[in-house]
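No value in this document is a laboratory result; all are computed from the given coordinates. Computed from a predicted structure; not experimentally measured. Cβ sites come from the backbone with ideal geometry, for glycine too, and all protein chains shown count toward neighbours.
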Amino acid sequence: GVDISIDDVSISRPGPGSYPDPNNVCGNLITNGDGSQGDGFVFPHHALIPDNTVTLKSDGTNDYFHLTTRDKNHDTFKTDLVTGCLEAGSTYTFSAKFRVHTDSTVQIKPLIRTFQPGATAPEWDQITVCDGQTAVDDFATCGPVDFTFSEKHSTAASVSLIFLLTHAT
């Protein structure tokens, strides 16, 4: 026979830190960008290629998102943005910290990927180009730099922040 036991089953909402500030929903387009709210956040960070997984890690003093088993050239982090916050002409300041372990120097290019309703191919906007990085253990800061959204972002079906790595193996 089959013997199954279950205890303390629950389906619950994540804590308030997993949602945008209700008094300033569009104040920061990335919720839980520092990973401090754990991995149960409402606006998740994904791998661009669904076969891979983004996990939450901690070194004891810092929580961060980690992508391992990157075996496809364009796999990277992807975070969907709330299109209702993307008003044409609104300017946001981008900033991030990166750590890349590779044998060759890489550049990280934060991009905005936009799909219009019914479109089969995305439109791309480069936010900036981050300084090159090799196999160092410290996080490198990219930005701050301002980015202004246009009408194509405010009318899009989906808008995502993507991090493109160039010259990486």
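By counting other Cβ atoms within 10 Å of each Cβ, how are 139, 147 ranked from fewest to most? Let's see the in-between values first.
Numbers: 139 14, 147 18.
Fewest to most other Cβ atoms nearby, the residues stand as 139, 147.
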Simple spin-label model, 7 Å along Cα-to-Cβ: residue 145 to residue 59 in nm? 2.4 nm
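Provide the FRET efficiency to the nearest 0.05 for the residue 131-residue 23 pair, computing r from the beta carbons and using R0 = 30 Å.
Working: r = 35 Å, r/R0 = 1.18.
For residue 131 and residue 23, the calculated efficiency is 0.25.
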Fewest-first ordering of 61, 83 by Cβ atoms within 10 Å yields 61, 83
